[in-house]
Amino acid sequence: MRYSGLRVIKEALTGHRGWKPAWRNPEPQKDYDFVIIGAGGHGLATAYYLARHYGKKRIAVLEKGWIGGGNVGRNTTIVRSNYLLDGNEPFYEYSLKLWEGLEQELNYNAMVSQRGILNLIHNDAQRDAFIRRGNAMILNGADAEMLSVDQIRREYPFLNFDNARFPITGGLAQRRGGTVRHDAVAWGYARAADSLGVDIIQNCEVTGFRIENGTCKGVETARGFIGAGKVASCVAGSSSHLMAKANMRLPIESTVLQAFVSEGLKPVMPGVLTFGAGHFYCSQSDKGGLVFGGDPDRYNTYAQRGNLPAIEDVCESGMALVPAIGRARLLRIWGGNVDMSMDGSPIIDRTDIGGLYFNGGWCYGGFKATPASGMCYAHLLATDTPHEVAQAYRFDRFRRGNMIDEKGMGPQPNAH
Ligand SMILES: Cc1cc2nc3c(=O)[nH]c(=O)nc-3n(C[C@H](O)[C@H](O)[C@H](O)COP(=O)(O)OP(=O)(O)OC[C@H]3O[C@@H](n4cnc5c(N)ncnc54)[C@H](O)[C@@H]3O)c2cc1C
């Protein structure tokens, strides 16, 4: 069923009796050509592109919970491509371009809103770094713009510009960055993949791998064994836990990241804003709530619930930048389990086990990567070669010491 304005009018006039479920609820078959583990944004996008762009069939996505219950429905919805390093910037710019056409491609309103992102600058060294970053972005076909304090004052008059400790001295803007309604992305990909015959099987946890003579033959699940030609792990924060069942130890640690939403306010925040002197970022949802976040809780865990010290830390940073935020009441907070790689960059690669593939290490920035990650993982699964924009996302970079150290923090995930 195609969604359109005409369809909405027709259904309104006929008592809304014509709407169909957005996806089926199939029973698992005994085997598939491709089994993707995890129905988050990346798993669903992979299944969709595998079917739609690579013409593959007999695809299943196995999900231990429900569609959108993981980080794809827990993030703060920011999309952007303001990266510096060669391994990253082409990939994230490719992703942003895919976001720009996504709603038409999926025939689904994902509320893609290119309201712009602004990274604030507070000292000279930061200005130099952001000029360099902006130039790298432009060289890779992205957009970037340095803003003066006066320009920022016009767009964000309520910031604490003259804070003695963190004065604002400029900013790097990417006007094509913005937000996308996170769970609509999961629903849009699920609906589109389902319509191409992909079986999305919820409440079907993968509990182990059947590996014979170095080749993965399928997965053990809560609903029995399911055979597979190729098995693709795509479970974000559960990556190290799941791959341990195949005796793999990953360069990934999991931690919890919290998100915050204030009560609804009149429009005040025109775009996405990031503080350059603390970890705090903020945008405003279409319902009016300020959506913000900051540092992860700094300990390893698979829990999806964080603690008070991180909440205090994020709120303090918010108050330093936007003092008025202290007048808004917090409505909701939640946590998501994020897969922190050792250099802060992701992995999309084959493993040493035949037929077993891996996608993960997205840290707290993988939502913006969803379309490109799905496309690149589908390319790898279909062709056994890396997609041209994901060439750097291989396991062997950790063995070779050839890190993609975007944050310049070295191998310390809790410092990224
Ligand atoms: C609070 C927060 C804010 C964030 N903000 C942003 C942001 O603004 N911008 C941005 O780009 N990124 C952001 N991120 C990061 C982003 O959400 C993640 O990197 C991305 O969503 C991970 O990919 P995914 O959508 O596939 O993960 P998920 O949605 O977590 O999908 C993984 C799925 O695997 C399933 N699974 C796990 N184990 C198994 C198993 N054994 N068997 C079957 N299924 C299994 C899980 O149930 C889950 O549904 C944020 C994350 C958090 C937590």
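Read the figures in this text as sums done on the coordinates, not as results from a lab. In this text, all values refer to a predicted model and were calculated from it rather than measured experimentally. So basically every Cβ, Gly included, is an ideal-geometry build from the backbone, and we count neighbours across all protein chains shown.
How big is the antiparallel share of DSSP beta bridges in the chain, given as a percent to the nearest 5?
70 percent
May I ask you to derive the FRET efficiency for residue 384 and residue 332 from their Cβ-Cβ distance with R0 = 35 Å, giving the value to the nearest 0.05?
0.20
Using θ = phi - 60° and the Karplus curve 6.51 cos²θ - 1.76 cosθ + 1.60, what whole-Hz ³J(HN,Hα) does each residue of the range 356-362 get, with Gly and Pro shown as x?
Along the range 356-362, the couplings run 10, 10, 9, 9, x, x, 7 Hz.
Return the aspartates and glutamates within reach of residue 245: Cα separation strictly under 12 angstrom, same-chain partners fewer than 8 residues apart disregarded; answer none if there are no such residues.
220
Let me know the charge dipole size of the range 220-317 about its Cα centre in debye, to the nearest 20, where only the beta-carbon of Lys, Arg (+1) and Asp, Glu (-1) is charged.
Details: 8 positive and 9 negative charges, 109 e Å.
Magnitude of the dipole: close to 520 debye.
Using label points projected 7 Å from each Cα along Cα→Cβ, tell me how many nm separate residue 31 and residue 9, to one decimal.
5.2 nm
With the cut-off at 1.5 for a/c, could you classify the range 7-141 from its C-alpha gyration tensor as rounded, prolate or oblate?
Prolate shape, in that a/c is at least 1.5 and a/b is the bigger ratio.
GNM, the chain, Cα, under 10 Å: largest mean-square fluctuation among 262, 95, 238?
262
Taking springs between alpha-carbon atoms closer than 10 angstrom, which of 132, 394, 210 fluctuates most in the Gaussian network model of the chain?
Maximum fluctuation in the GNM of the chain, among the listed residues, is at 132.
Along the Cα→Cβ direction, 7 angstrom out, place labels at residue 175 and residue 215. What is the inter-label distance in nm?
Placing both labels 7 Å along Cα→Cβ, they lie 5.4 nm apart.
Determine the dipole magnitude for the chain: charges of +1 sit on the beta-carbon of Lys and Arg, -1 on that of Asp and Glu, nothing else is charged, the reference point is the Cα centre, and the result goes in debye to the nearest 20.
Roughly 1060 debye for the chain.
Where in the chain are the DSSP H helices whose C-alpha atoms run 18 Å or more along the long axis and whose mean Kyte hydropathy is at least -0.5?
Helix filter hits for the chain: 124-139, 182-195, 308-321, 370-383.
Calculate the FRET efficiency for residue 244 and residue 154 from the Cβ-Cβ distance with a Förster distance of 56 Å, rounded to the nearest 0.05.
On the way: r = 52 Å, r/R0 = 0.93.
Result of the calculation: an efficiency of 0.60.
Given the chain, what whole percent of its Cα pairs are spread farther than 32 Å?
Roughly 35 percent, rounded to a whole number.
Would you calculate the separation in nanometres between label points at residue 1 and residue 299, each defined as 7 Å from the Cα along the Cα-to-beta-carbon direction?
4.8 nm
Rank-order 270-278, 297-305, 242-250, 326-334 by packing density, defined as the average count of other C-beta atoms within 10 Å over each peptide's residues, highest first. Each step should come with its number before you reach the end.
On the way: 270-278: 20.7, 297-305: 14.8, 242-250: 16.4, 326-334: 12.2.
Ranked by mean Cβ neighbours within 10 Å, highest first: 270-278, 242-250, 297-305, 326-334.
Using the Cα centre of the range 168-294 as the reference point, and only Cβ charges (+1 on K/R, -1 on D/E), how large is the resulting charge dipole? Debye, rounded to the nearest 20.
My answer is approximately 260 debye.
Mind jotting down the three principal axis lengths of the range 72-151 based on Cα atoms? Whole angstrom, largest first.
The Cα atoms of the range 72-151 stretch 45, 27, 23 Å along the principal axes, largest first.
Give the shape of the range 1-70 as rounded, prolate or oblate, defined through the alpha-carbon gyration tensor: a ≥ b ≥ c are the square roots of its eigenvalues, a/c under 1.5 means rounded, and otherwise the shape is prolate if a/b is larger than b/c and oblate if not.
Numbers: a/c = 2.35, a/b = 2.01, b/c = 1.17.
It comes out prolate by the Cα gyration axes.
So how far, in whole Å, is the C-alpha centre of the range 53-94 from the one of the range 196-240?
Measuring centre to centre over Cα atoms gives 19 Å.
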